[in-house]
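None of the figures in this text is laboratory data; all of them are computed from the coordinates on show. Keep in mind the model is a prediction, meaning the values are calculated, not measured. Here the Cβ positions follow ideal geometry from the backbone for every residue, glycine too, while neighbour counts run over all protein chains shown.
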Amino acid sequence: MVSRSIDADLLGLVPTAMAAGGAAVARETTGRVVLVDGALPGETVDAVLTEERSSYARARVGVVLEPSPDRVAPPCPHVARGCGGCGWQHISLEAQRRYKTEVVSEALERIGGVNGAEVIPAPPASLAGYRTTLRLTSDGARPGFRRHRGHEVVPVDSCLVAHPLLAELLADGDFGEATGITLRCGARTGERLAVLGPSSGGASLPASVRVIGEDELAAGRRAWIFEEVAGKRLRLSAESFFQASPEGAEVLVRLVSAAAAGAPDGPLVDAYGGVGLFAATVGEGRPVMLLECSPPAAADARVNLPGASVRRVDVGRWRASKAAVVVADPPRAGLGAAGVAALAGSRASHLALVSCDAASLGRDAALLRTKGFSLEWAALVDMFPGTPHIEVVSRFVR
């Protein structure tokens with residue numbers, strides 16, 4: 001695909017829809033599609049062309065000539081300084097939920113071939129103080145976030161979406177020589193962890209914070225904290241993935257439980273199961289098999305799920321055994337053909353799919369249909385308000 005960068009060519013555009021990924025979709029008079037960062041559907045904008053490809057172009061808003069009623073002033077001051085951490089703070093929270101619902105509906109119809117799917121909007125979520133994991137970088141001064149679609153570090157000493165336990169570290173912490181910084185907390189246990197790379201040399205943080213360097217992790221040292229979700233205490237290792245907040249995780253648990261409702265008695269397979277969130281909650285009362293390829297997450301799952309079968313395996317290579325219900329929470333790329341084939345081989349009648357990308361949900365819906373599954377509903381969860389990130393729980397029944 002041909003691509004070239006453009007310095008400054010102004011385009012007068014009127015976007016008509018929102019695209020997966022957060023840019024607004026507009027067309028030039030020639031018919032060429034332009035994805036405009038920072039614009040909203042229905043606005044009139046002068047945009048700066050930033051990139052051209054063979055089939056479309058990218059641009060960013062230069063001047064908003066006629067704003068949408070959905071446009072608001074970003075509540076975080078770092079947005080004006082170029083921070084790329086929260087790409088949708090210029091959109092009202094109500095409109096964010098509406099746009100995300102439209103993006104998912106369009107992907108299911110256009111990519112998945114599902115007409116008239118029931119897409120349930122996300123319930124309201126708070127923008128402030130929800131994130132229990134922050135990933136920052138440092139250029140040798142203060143830590144910060146990357147500029148949107150750039151590599152430059154925008155230093156920050158506060159973060160609107162950071163949990164207060166992490167906001168304190170961001171404001172007062174000394175991260176020494178680290179250029180990569182991951183901060184994590186257990187919102188309901190009060191525990192905190194800092195992973196610093198390439199090492200923790202020179203760092204000075206409160207004694208209550210567990211500090212570990214990436215070099216130490218590579219050498220085999222382990223570090224973890226605990227979080228509590230839906231009445232379960234879960235271990236989270238430094239390298240294990242977990243949801244952005246316990247409140248968001250509990251919404252996922254409720255929706256996955258609803259998606260699995262009506263399945264016959266029998267085993268539950270928790271595919272891409274991570275540390276065992278769904279196996280420990282939705283799987284309670286059933287025989288459980290968890291599939292996870294990450295060694296740290298699988299180790300956590302063995303601690304969190306005493307008596308369960310935890311298998312370190314890539315889901316696409318799993319030799320299926322019989323199950324009554326499958327829960328699958330794949331990475332952004334989705335299940336794919338191999339994952340769908342493996343999970344369909346379990347002969348489960350119910351499948352609860354957790355998707356973090358609208359396009360991959362559409363592709364997986366189309367693949368699952370070839371295995372006899374039909375989509376009954378899809379429900380959004382606003383795991384990352386202030387961003388275009390999409391999280392969807394879908395119920396498939398065979």
Putting +1 on Lys and Arg Cβ atoms and -1 on Asp and Glu Cβ atoms, find which of Ser54, Asn115, His78 reaches farthest to the positive end of the dipole of the stretch 14-126.
-> His78
If each part is reduced to its alpha-carbon centroid, the stretch 322-340 and the stretch 197-248 end up apart, in Å, by 27
Mind grabbing the base-10 log of I(q)/I(0) for the stretch 110-180 at q = 0.25, 0.27 Å⁻¹? Debye formula, identical points on the C-alpha positions, no solvent, two decimal places.
-> -1.15, -1.26
Sparse-neighbourhood loop sites, trypsin sites (Lys or Arg not before Pro) in the stretch 70-149 - DSSP loop, at most 13 other Cβ within 10 angstrom | Arg81, Arg149
Would you please give the residues with an amide H less than 5 Å from that of Gly62, counting only those at least 5 places away or on a separate chain, with H modeled from the backbone geometry?
-> Asp46, Ala47, Val48
Which of Gly22, Gly38, Gly12 sits farthest toward the positive end of the charge dipole of the stretch 3-66, with +1 on the Cβ of Lys and Arg and -1 on the Cβ of Asp and Glu?
-> Gly22
Considering Cα pairs under 8 angstrom that are at least six residues apart, work out the relative contact order of the chain and quote it in whole percent.
-> 14
Reachable lysines, given that their alpha-carbon falls under 17 Å from the alpha-carbon of Lys371 and they are not under 8 places away in the same chain | Lys322
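What's the longest piece of the chain with no exposed GluC sites (Glu not before Pro), counting a site as exposed if DSSP puts it in a loop and it has at most 15 other beta carbons within 10 Å? Write out the running numbers ahead of the final one.
Working: sites that count: Glu28, Glu118, Glu152, Glu177, Glu284.
The longest such stretch corresponds to 285-398.
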Using alpha-carbon positions, what is the distance between the centroids of the stretch 365-398 and the stretch 100-158, in Å?
-> 17
Divide by every residue of the chain the summed helix terms, -39500 (n - 2.57) for each DSSP H run of at least 4, and state the resulting mean residue ellipticity at 222 nm, rounded to the nearest 500 deg cm²/dmol.
-> -6500 deg cm²/dmol
Apply the Karplus parameterisation 6.51 cos²θ - 1.76 cosθ + 1.60, with θ equal to phi minus 60°, to every residue of the stretch 13-22 and state each ³J(HN,Hα) to the nearest whole Hz, in sequence, with x for glycine and proline.
-> 9, 10, x, 10, 7, 9, 9, 4, x, x
Restricting attention to the stretch 291-324, which trypsin sites (Lys or Arg not before Pro) occupy a DSSP loop and are surrounded by at most 12 other Cβ atoms within 10 Å?
-> Arg319, Lys322
³J(HN,Hα) computed for each position of the stretch 224-238 - Karplus, 6.51 cos²θ - 1.76 cosθ + 1.60, integer Hz, glycine/proline x = 7, 10, 10, 10, 10, 9, 6, x, 10, 9, 10, 7, 10, 6, 4
May I ask for the net charge around Gln243, where only other residues with Cβ less than 11 Å from the Cβ of Gln243 are counted and Lys, Arg are +1 while Asp, Glu are -1?
-> -4
Say each of Ala338 and Thr44 gets a label point 7 Å from the Cα, pointing the same way as Cα to Cβ; how far apart are those two points in nm?
-> 5.2
Kindly write out, for the stretch 372-381 in residue order, the coupling ³J(HN,Hα) from the Karplus curve 6.51 cos²θ - 1.76 cosθ + 1.60 (θ = phi - 60°), rounded to whole Hz, with x marking Gly and Pro.
-> x, 8, 10, 7, 8, 6, 9, 10, 7, 10
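What's the FRET efficiency of Asp139 with Val33 using the Cβ-Cβ distance as r and R₀ = 22 Å, to the nearest 0.05? Write out the running numbers ahead of the final one.
On the way: r = 35 Å, r/R0 = 1.59.
Efficiency at R0 = 22 Å is approximately 0.05.
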Could you grab the relative contact order for the stretch 3-66? Cα pairs under 8 Å, six or more apart, rounded to a whole percent.
-> 35
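Taking the Cα centre as origin and putting +1 on Lys and Arg beta-carbons and -1 on Asp and Glu beta-carbons, what dipole magnitude results for the stretch 3-66, to the nearest 20 debye?
On the way: 6 positive and 9 negative charges, 52 e Å.
In debye, rounded to 20, the stretch 3-66 gives about 240.
Find how much the distance from Ala258 to Arg347 grows on full extension, using 0.36 nm per residue of separation minus their present alpha carbon separation; answer in nm with one decimal. Working shown, then result.
Values: separation 89, 0.36 × 89 = 32.04 nm, distance 1.96 nm.
Full extension from Ala258 to Arg347 adds 30.1 nm.
Extension gain Ser204-Ser374, at 0.36 nm per residue separation less the Cα-Cα distance, in nm?
Working: separation 170, 0.36 × 170 = 61.20 nm, distance 5.39 nm.
Net length gain for the segment: 55.8 nm.
About the Cα centre, and with charges only on the beta carbon of Lys, Arg (+1) and Asp, Glu (-1), how big is the dipole of the chain? Nearest 20 debye, please. Write down the numbers at each step before the final one.
Values: 42 positive and 43 negative charges, 264 e Å.
So the dipole magnitude of the chain works out to roughly 1260 debye.
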Pairs of Cα atoms under 8 Å, at least six residues apart: use those to get the relative contact order of the stretch 133-228, whole percent.
-> 23
Work from the charge dipole of the stretch 133-228 (Cβ charges, +1 for Lys and Arg, -1 for Asp and Glu, about the Cα centre) and give the residue of Ile181, His148, Ala223 farthest towards its positive end.
-> His148
Label point distance in nm, Arg147-Arg98, each placed 7 Å from Cα along Cα→Cβ = 3.3
